[in-house]
Amino acid sequence: MQRKIVYFLALAALTLALSACGGNDTKSGNSSSASEESYSEEVVIKASNWEFDQQEYTLPKDTPVKLTLENLSGAHGIEIVGQDITLRGNKSKVITLPAGTYEIKCNIMCGQGHAKMITKLVVS
Ligand SMILES: [Cu+2]
């Protein structure tokens, strides 16, 4: 019983301290729930030995898009040439690009067809 009161007082003190700091958020522990980035579309690039599933991918410009790489066979990665954007293996990343035409190439030395693994990304 005694312990419960102490706990309650501590909680009350903590709540007071927090609200005194100017925080207008009365719920606790939800400030980190925004870690999942928001995006409006998802584009999946499927890689196999030794090609990508499409010759061209299109994205909307200046819009966060979730880019996902799926390896159907072999181990491949992608690099958007000229941008600091890479994915290796089965991964996703939310990206935003200005309008333009980009080249995507495999960035993992995946074997004899590696140099052929190039595709186009059109952002408009
Ligand atoms: Cu490769």
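Remark: Leu67 matches the filter, which requires a residue to be under 13 Å from Thr119 (Cβ atoms) and within 17 Å of the chain's Cα centre (by Cα). His76 fulfils the conditions (1) open to solvent by less than 40 Å² (accessible area, probe 1.4 Å); (2) over 15 Å from the mean Cα position of the chain (by Cα); (3) within 20 Å of Ser38 (Cα to Cα) except for a single criterion, (3). Among the residues of segment 84-110, which ones are near the ligand (Cβ under 10 Å from one of its atoms), more than 20 Å from Leu59 (Cα to Cα) and open to solvent by less than 40 Å² (accessible area, probe 1.4 Å)? Result: Asn107, Ile108, Cys110.
Checking each residue in segment 111-124 for being among the hydroxyl-bearing types (Ser, Thr, Tyr) and within 16 Å of the ligand (Cβ to nearest atom) picks out only Thr119.
Entry remark, segment 36-73: residues being open to solvent by 50 Å² or more (accessible area, probe 1.4 Å) and among the aromatic types (Phe, Trp, Tyr) number 2 in total.
The values are calculated or read from the model by the stated rules, or taken from the named source; none is laboratory data. What you see is a predicted model, and the numbers here were worked out from it, not measured in a lab. Counting neighbours? That spans all protein chains shown, and the Cβs are built from the backbone with ideal geometry, glycine included. Surface areas here come from the heavy atoms of the whole protein model, side chains and all, with no ligands, DNA or RNA. Shrake-Rupley method; radii C 1.70, N 1.55, O 1.52, S 1.80 Å.
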